[in-house]
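In what follows, a single structure is set out as structure tokens and then discussed.
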Amino acid sequence: LKDWAREYGISYTTLIARIFRYNIPFEQALTFIDDRDKPIEWNGKLWSRQELCNAYNIPLINFYDRTHKGWSLEKILLTPVKTN
């Protein structure tokens, strides 16, 4: 498994978790992309969540919290984060 993980550029612990913790078949575990890691299209460009957060000065935790609340991507990115 360590050799396969190295060949596919993923960590060994990630591969183990995918197979044994999440019961993903071996072949799928090698190329699995978590929904949270899939690129997001915004303004005609594909972004990672972290890239969007950096560009719009939104902490990643706020991004996920707002997503969980059902906010649109536009509202997530364009609503300023309240600071105390």
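The values are calculated or read from the model by the stated rules, or taken from the named source; none is laboratory data. The model shown is predicted, which means the values in this text are computed figures rather than measured ones. Heads up, the Cβs are rebuilt from the backbone with ideal geometry, glycines too, and the neighbour counts pull from every protein chain shown. Surface areas here come from the heavy atoms of the whole protein model, side chains and all, with no ligands, DNA or RNA. Shrake-Rupley method; radii C 1.70, N 1.55, O 1.52, S 1.80 Å.
I'd like the residue in the range 34-59 that is outside any helix (DSSP H, G or I) and aliphatic (A, V, I, L, M) and, out of all such residues, is farthest from Thr14 (Cα to Cα). Residue satisfying both the conditions and the ranking: Ile58.
Quick one: in the range 37-58, which of the residues that are open to solvent by 60 Å² or more (accessible area, probe 1.4 Å) and touching a helix residue (DSSP H, G or I) at 6+ places or on another chain (Cβ under 7 Å) is farthest from Ser72 (Cα to Cα)? For the range 37-58, the residue satisfying everything is Gln50. Among the residues of the range 66-84, count how many are at pLDDT below 95 and either surrounded by 10 or more Cβ atoms within 10 Å (Cβ to Cβ) or touching a His at 6+ places or on another chain (Cβ under 8 Å) (or both). Total satisfying the criteria: 2. Suppose we keep only residues that are modelled with pLDDT under 95 and aromatic (Phe, Trp, Tyr) within the range 21-36. Which one would you say is most open to solvent (accessible area, probe 1.4 Å)? In this case the residue turns out to be Tyr22.
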